[in-house]
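The values are calculated or read from the model by the stated rules, or taken from the named source; none is laboratory data. Note that the coordinates shown come from a computational prediction; the quantities given were computed from them, not determined experimentally. Don't worry about glycine lacking a Cβ; one is built from the backbone with ideal geometry, like all the others, and counts go over all protein chains shown.
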Amino acid sequence: MNRPKSDPQGGSYEKYLLHRSGRPQEKYCLKSIAYCIKSVTGKVIRQGVISADRKALRQWLAELPGPWHGAMEATLFTGWIYDFLKPHAVELKVAHPEMLKAITAAKKKNDRADAEKLADLLRVNLLPECFMMSEELRELRRILRYRNLVVRTAVTMKNKIAGLFMEVGATYDKKRLHGKRYFGQLLERVEDVPESVKELLRLSRGNLELFAAVQKKLIKTLRENPLIRKRVERLRSIAGVGEIMALT
């Protein structure tokens, strides 16, 4: 590990960062970031908590006296914080959460204690680092995951449509059920089906068409991306590999 430069007051230091939600009961809402600044000798320079927003991070960075090395635990919120801090750091690492045994096995577990333990792991060069994709690749992964969500939701909606028909005893052609023309004709000729069920079927059909349009748009975005275009072309040269498999 490279030794840090000296600060204006003559003391050497490095800064190590752990970010975790300050409100763990709100699973998907990051409220605060706990941090711990330590020297290479293990002396605590500063500890505290700041708001999890760019304004607070910008102000916090301005108060740092000089170059620093840092680490943070990989979580759902790591990406944007990493991208924001990376240009200001000598080196910034991301720790693998499953391998942070010193944190997960600790009896005393809170954000402040976790930040200090993460600082020590980095200070003694024992941080279980994980690979951090570039911002461009993470954006592609985000699009792909959203597409997968849309596909799963569309399948659920198809099953719901079939289930509604079965609930009221309506017969239908399973292979043609989700075709636009056949679906419209089926709604017109079914008998003894409550109007409320027909409304639910129309609503479900509308959602299904929306999901199909969203999926096409997402696939187009992935297809036209220059970062993966050549890779997709090479994969599609393999027998049995289609566009969707190559993209995913």
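Out of R58, R46, I need the residue that is at pLDDT 90 or above and more than 15 Å from L127 (Cβ to Cβ). Which one? Write out each step before concluding.
Details: R46 fails: at pLDDT 90 or above.
Matching residue, one of R58, R46: R58.
Give just the number: which of (1) in contact with a helix residue (DSSP H, G or I) (Cβ under 8 Å, 6 or more places away or on another chain); (2) over 14 Å from L121 (Cβ atoms) does L100 not satisfy?
All conditions pass for L100, except number (2).
Results for (1) at positive phi; (2) loosely packed, with under 13 Cβ neighbours inside 10 Å, shown as yes or no for each residue.
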position: A154; (1), (2): no, no
position: G169; (1), (2): yes, yes
position: K180; (1), (2): no, yes
position: L187; (1), (2): no, no
position: P194; (1), (2): no, yes
position: S204; (1), (2): no, no
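Tell me whether region 110-117 contains one or more residues that are in a loop (DSSP other than H, G, I, E, B) and modelled with pLDDT under 90.
Filtering region 110-117 down to residues in a loop (DSSP other than H, G, I, E, B) leaves 110.
Next cut, modelled with pLDDT under 90 only: 110.
Scanning region 110-117, I find at least one residue that is in a loop (DSSP other than H, G, I, E, B) and modelled with pLDDT under 90, so the answer is yes.
If I filter region 234-243 for residues that are surrounded by 14 or more Cβ atoms within 10 Å (Cβ to Cβ), among the β-branched types (V, I, T) and closer than 24 Å to A154 by Cβ, do I get at least one hit?
No: zero hits.
Exactly one condition in (1) modelled with pLDDT of 90 or more; (2) of a type in the set (A, V, I, L, M, F, W, C); (3) exposed (fewer than 13 other Cβ atoms within 10 Å of the Cβ) is not met by V90; state its number.
(3)
Any residue in region 99-120 that is farther than 17 Å from G42 by Cβ and assigned by TED's automatic domain parsing to the domain that holds G70 sitting within a Cβ distance under 7 Å of a residue that is at pLDDT 70 or above and loosely packed, with under 13 Cβ neighbours inside 10 Å? List the pairs, counting only those 6 or more apart or interchain.
Close Cβ pairs satisfying both conditions: none exist.
Hey, R46 hits all of (1) touching a strand residue (DSSP E or B) at 6+ places or on another chain (Cβ under 8 Å); (2) touching a residue at least 12 places away in the same chain (Cβ under 8 Å) but one; which does it fall short on?
(2)
For region 33-82, which positions are assigned to a strand (DSSP E or B) and closer than 23 Å to C130 by Cβ?
First, the residues of region 33-82 that are assigned to a strand (DSSP E or B): 33-38, 44-51, 69-73.
Within region 33-82, I33, A34, Y35, C36, I37, K38, H69, G70, A71, M72, E73 meet the criteria.
Residue check, C130 against (1) over 18 Å from the mean Cα position of the chain (by Cα); (2) not assigned by TED's automatic domain parsing to the domain that holds S32, all met but one. Which one?
(1)
Return yes or no: is I143 closer than 30 Å to A95 by Cβ and at pLDDT below 90?
Details: closer than 30 Å to A95 by Cβ: yes; at pLDDT below 90: no.
Spelling it out, it is not the case that I143 is closer than 30 Å to A95 by Cβ and at pLDDT below 90.
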